[in-house]
1. Of the conditions (1) touching a strand residue (DSSP E or B) at 6+ places or on another chain (Cβ under 9 Å); (2) without any contact (Cβ under 8 Å) to a residue 40 or more places away in the chain; (3) more than 25 Å from residue A:9 (Cα to Cα), residue B:114 satisfies every one except a single condition; which number is it?
2. For the range B:60-118, which strands (runs of 3 or more DSSP E) that fit wholly inside it have 1 or more residues that are more than 11 Å from every other protein chain (Cβ to nearest Cβ), crowded, with 20+ Cβ neighbours inside 10 Å and at pLDDT 95 or above?
3. I'm checking my understanding of the structure. Among residues of the range B:46-56 that are in contact (Cβ under 8 Å) with a residue 40 or more places away in the chain and crowded, with 19+ Cβ neighbours inside 10 Å, which one is nearest to residue B:98 (Cα to Cα)?
4. Could you grab me the full set of residues in the range A:20-36 that are in contact with a helix residue (DSSP H, G or I) (Cβ under 8 Å, 6 or more places away or on another chain) and surrounded by fewer than 22 Cβ atoms within 10 Å (Cβ to Cβ)?
5. Specify the residue that is nearest to the other protein chains (Cβ to nearest Cβ); the eligible residues are those in the range A:64-76 that are under 15 Å from the mean Cα position of the chain (by Cα) and outside any strand (DSSP E or B).
6. Quick one: in the range A:80-100, of everything that is closer than 16 Å to residue A:40 by Cα and over 14 Å from the mean Cα position of the chain (by Cα), which residue is farthest from the other protein chains (Cβ to nearest Cβ)?
7. Any residue in the range B:25-44 that's at positive phi: show its pairings with residues that are assigned to a strand (DSSP E or B) and surrounded by fewer than 21 Cβ atoms within 10 Å (Cβ to Cβ) at Cβ separation under 7 Å, as long as the two are six or more apart or on different chains.
8. Would you check which residues across the range B:21-59 are part of a strand (DSSP E or B) and more than 14 Å from chain A (Cβ to nearest Cβ) and list them?
């Protein structure tokens, strides 16, 4: 089974900072990598699909890059509404695996 | 408006059974795969199971294979998860999630809490 790792586990930043979260797969997942945002007490929300496709109504300050085993989620200018935990997720051979998550908070 | 509403969660003793249901509205589930994803308290997300649009194919995480069964009723626009031989580590919020191609989970319900404890 494909394993997913994320770094860092926790990130503290200031409003307006550029924030980068890394996600790594144990095997090649091509571009089948999605990113989700989860706010406390809420269900996750799809942000980016297929590594770089921004979902409708997701602010353009979010972007995703990568393919194969290494992927990145970037928030170009951190806003108060972005405080959340971010999960990556891969799809391979009909099985889905999530990364452990990166919690983003204010410094 | 797309909605997924889970029901059926609660407190169950180890070894017991429970059935979760998910009622969909605002779209026809027969056109989508459907999934269950769970989240233990304070932990990350774990995919549990999926079912194809026709209901012909189901897939399960190794941790629940043989104990959980996912089904769908396209006429009622709903899916269910029958959970047997429950263990303490099944304790989690269970989310019903709509799936697109390539495992994209595009819409999530608000979740239903299952607690397994004696």
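The values are calculated or read from the model by the stated rules, or taken from the named source; none is laboratory data. All values derive from a computational prediction rather than experimental measurement. All Cβ positions, glycine included, derive from the backbone under ideal geometry; neighbour counts span all protein chains shown.
1. If we test residue B:114 against (1) touching a strand residue (DSSP E or B) at 6+ places or on another chain (Cβ under 9 Å); (2) without any contact (Cβ under 8 Å) to a residue 40 or more places away in the chain; (3) more than 25 Å from residue A:9 (Cα to Cα), just (2) comes out false.
2. Working: elements: B:68-73, B:78-83, B:92-99, B:105-108, B:112-116.
By residue number, B:68-73, B:78-83, B:92-99, B:112-116.
3. B:50
4. Keep residues of the range A:20-36 that are in contact with a helix residue (DSSP H, G or I) (Cβ under 8 Å, 6 or more places away or on another chain), which gives A:32, A:34.
Once the filter is applied, which keeps residues that are in contact with a helix residue (DSSP H, G or I) (Cβ under 8 Å, 6 or more places away or on another chain) and surrounded by fewer than 22 Cβ atoms within 10 Å (Cβ to Cβ), the range A:20-36 yields only A:32.
5. Ranking the qualifying residues of the range A:64-76, first place goes to A:69.
6. In the first step, residues of the range A:80-100 are kept if they are closer than 16 Å to residue A:40 by Cα; the result is A:80-87, A:100.
The next check asks that each one be over 14 Å from the mean Cα position of the chain (by Cα); those that pass are A:80-81.
On the way: A:80: 23, A:81: 18 Å.
Top of the filtered list is A:80.
7. Filtered contacts from the range B:25-44: B:26/B:3.
8. Taking the range B:21-59 as the starting set, the residues that turn out to be part of a strand (DSSP E or B) are B:21-25, B:33-39, B:45-51, B:58-59.
If the condition is that a residue be part of a strand (DSSP E or B) and more than 14 Å from chain A (Cβ to nearest Cβ), then B:21, B:23, B:24, B:25 are the ones that fit.
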